[in-house]
Amino acid sequence: LAYTVGLHWIYISLHEYGGLPSWLAALATLLLSLYVALYALGALALIRWLKLNTRQWIAPFAIAAIVTLAEWCRGTFLTGFPWLAIGYLAIDTPLSGYAPVLGVYGVGFLSVLTVMWAAQTIRHRSWPAFCALLVILAGGFGLSQHRFTEPTGAPLKVALIQGAIEQSMKFDPNREAQALQTHLEIARPAAGPGGAHLMVFPETAMVRPWDLAPPEYRDAFHRLTQAGGASVMLGLPLRDADGYRNSLIAIHESTPPGSFAARYDKHHLVPFGEFIPWGFRWFVDLMNMPLGDFQRGAKRQDPIAVRDQRIGVNICFEDLFGEEIIAPLSPEVPAAQQPTILLNISNLAWFGNTIALSQHLAISRMRAMETGRPMIRATNTGATAAVDHRGVVTDQIAFGSPGLLFAQVRGMQGITPYSRWGNLPILAISLLFLAIAIAMKARRA
């Protein structure tokens with residue numbers, strides 16, 4: 001039930017925009033929720049099998065370990081779907097201080113651990129559990145005050161465009177020009193002398209591939225760069241010899257008219273939306289959506305340089321996958337090639353003005369904490385926001401409203417422990433406590 005409530009916006013996408021009958025959209029949403037819940041059920045089954053006594057010292061650690069391993073499996077298997085991970089619930093608590101060290105799964109582990117210790121404190125009047133609880137919370141607060149990364153380069157003046165284009169209008173060929181004009185009108189105050197250094201338009205701001213767009217469309221974005229020397233980034237499909245890609249392109253003042261200077265191609269594609277899993281063509285054919293089989297971008301792509309900063313791009317739900325976000329921040333990558341600012345472009349209009357927008361913002365905030373990098377977000381309907389390297393939202397446009405967000409963004413350099421080691425430490429810790437719990441059960445038997 002909890003997962004169905006948390007993912008209810010899937011129904012809106014399938015029924016209101018996909019045209020599926022209400023019963024079939026509801027069934028599909030329920031089946032997805034059941035699939036997600038299977039991992040939690042597996043964790044509960046393992047906890048039950050271990051017959052843990054809540055008075056045992058190992059019980060809180062083993063339960064936290066099992067839940068963490070189940071969540072990691074859910075975020076990894078079958079392309080992964082780590083939405084609603086427990087760690088996001090703690091994003092505004094002292095436990096979020098552990099994000100740069102252990103990532104979202106580590107924060108989730110500690111969240112379960114603190115709940116278990118709180119229960120032991122209340123139920124059994126356990127002073128050791130109470131003291132351990134205080135130590136964990138104090139440690140999180142202390143880590144939140146530590147700076148793992150440091151500022152680099154001059155701040156970037158960024159303008160983030162939220163078009164609030166209705167989904168029913170977005171892919172209508174007869175209203176394509178109107179949608180594009182809306183984006184350009186919103187962006188115009190950011191152009192010109194003293195304006196933004198970088199203007200960012202959301203995912204599929206243009207729905208037509210660059211090479212198939214009328215010249216006046218391409219020229220309109222080029223003119224924005226000429227007015228004040230700003231760079232422009234926008235989301236659109238790109239067409240290559242082997243197929244289409246969901247991409248972002250960058251246009252600089254020096255870019256020749258009609259072309260672009262750099263690109264990012266989405267690597268982690270959305271099942272059903274951007275690629276069709278084997279055996280489900282019939283389901284996709286039932287929907288009235290512009291879906292298709294996109295090609296994946298390369299796993300490692302260079303950040304896009306804008307003035308003193310390097311922008312690491314991710315598109316839509318790619319920011320769900322922490323280990324993919326930190327890939328260009330590994331010690332093997334020279335510091336001069338590591339991104340200093342993270343950028344997410346999205347179009348969540350598919351899901352209406354629902355909790356999905358807030359959930360996705362929390363995900364981006366966690367990625368900022370894990371990497372020690374600011375995250376800027378340009379979306380169609382929300383959440384268009386600027387998030388600093390501590391995961392704090394410094395400014396945001398209201399959901400569903402057209403608007404232009406100006407932000408001063410300072411890039412950060414350096415490597416957090418999570419960027420260095422990824423999920424390996426928390427997985428090793430979880431496996432260790434699980435092994436101890438299994439050994440203790442075997443000894444009792």
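The values are calculated or read from the model by the stated rules, or taken from the named source; none is laboratory data. Quick caveat, the model's predicted, so the values are computed rather than measured. Using ideal geometry, Cβ is built from the backbone for each residue, glycine included, and neighbour counts are taken over all protein chains shown.
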I'm checking my understanding of the structure. Among residues of the stretch 276-316 that are surrounded by fewer than 12 Cβ atoms within 10 Å (Cβ to Cβ) and outside any loop (DSSP other than H, G, I, E, B), which one is modelled with the highest pLDDT? R281
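Okay, residues lined up against (1) surrounded by fewer than 20 Cβ atoms within 10 Å (Cβ to Cβ); (2) among the acidic types (D, E); (3) under 25 Å from Q56 (Cβ atoms):
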| site | (1), (2), (3) |
| --- | --- |
| L89 | yes, no, no |
| D92 | yes, yes, no |
| L95 | no, no, yes |
| P100 | no, no, no |
| V107 | no, no, yes |
| V115 | yes, no, yes |
| P128 | yes, no, yes |
| A132 | yes, no, yes |
Return a yes/no flag: does the stretch 42-53 have any residue that is free of Cβ contacts under 8 Å to residues at least 40 places away in the same chain, of a type in the set (D, E, K, R), part of a helix (DSSP H, G or I) and surrounded by fewer than 18 Cβ atoms within 10 Å (Cβ to Cβ). yes
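Can you go through I86, I58 and tell me which one is at pLDDT below 95, in contact with a helix residue (DSSP H, G or I) (Cβ under 7 Å, 6 or more places away or on another chain) and not assigned by TED's automatic domain parsing to the domain that holds C316?
Being at pLDDT below 95, in contact with a helix residue (DSSP H, G or I) (Cβ under 7 Å, 6 or more places away or on another chain) and not assigned by TED's automatic domain parsing to the domain that holds C316 holds for just one of I86, I58, which is I58.
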Any idea which of (1) surrounded by fewer than 18 Cβ atoms within 10 Å (Cβ to Cβ); (2) modelled with pLDDT of 95 or more; (3) not hydroxyl-bearing (S, T, Y) is the one I376 doesn't satisfy? (1)
Looking at S231, S254 in this structure, which one is in contact (Cβ under 8 Å) with a residue 12 or more places away in the chain and polar (S, T, N, Q)? S231
Quick check on the stretch 112-119. Is at least one of its residues closer than 22 Å to L38 by Cα, free of Cβ contacts under 8 Å to residues at least 60 places away in the same chain and under 24 Å from the mean Cα position of the chain (by Cα)? yes
What number of residues within the stretch 390-415 are over 30 Å from Q181 (Cα atoms) and in contact with a Ser or Thr (Cβ under 6 Å, 6 or more places away or on another chain)? 4
Being in contact with a Leu (Cβ under 9 Å, 6 or more places away or on another chain), surrounded by fewer than 22 Cβ atoms within 10 Å (Cβ to Cβ) and not in a helix (DSSP H, G or I), is that true of even one residue in the stretch 213-228? yes
In the stretch 332-342, is there at least one residue being in contact with an Asp or Glu (Cβ under 6 Å, 6 or more places away or on another chain) and either of a type in the set (G, A, S) or on the phi < 0 side of the Ramachandran plot (or both)? no
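Filter the stretch 248-266 for residues that are in a loop (DSSP other than H, G, I, E, B) and out of contact with any His (no Cβ under 8 Å at 6 or more places or on another chain) and give the result. Break it down stepwise before answering.
The first filter runs over the stretch 248-266 and keeps only residues in a loop (DSSP other than H, G, I, E, B), leaving 252-261, 266.
Across the stretch 248-266, the qualifying residues are H252, E253, S254, P256, S259, F260, K266.
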Among the residues of the stretch 308-325, count how many are over 10 Å from the mean Cα position of the chain (by Cα) and of a type in the set (A, V, I, L, M). 2
For the stretch 418-441, how many residues meet the condition of being buried (at least 18 other Cβ atoms within 10 Å of the Cβ) and farther than 30 Å from I47 by Cα? 1
When you check A383 against the structure, is it part of a loop (DSSP other than H, G, I, E, B), buried (at least 23 other Cβ atoms within 10 Å of the Cβ), within 15 Å of the chain's Cα centre (by Cα) and of a type outside the set (V, I, T), yes or no? yes
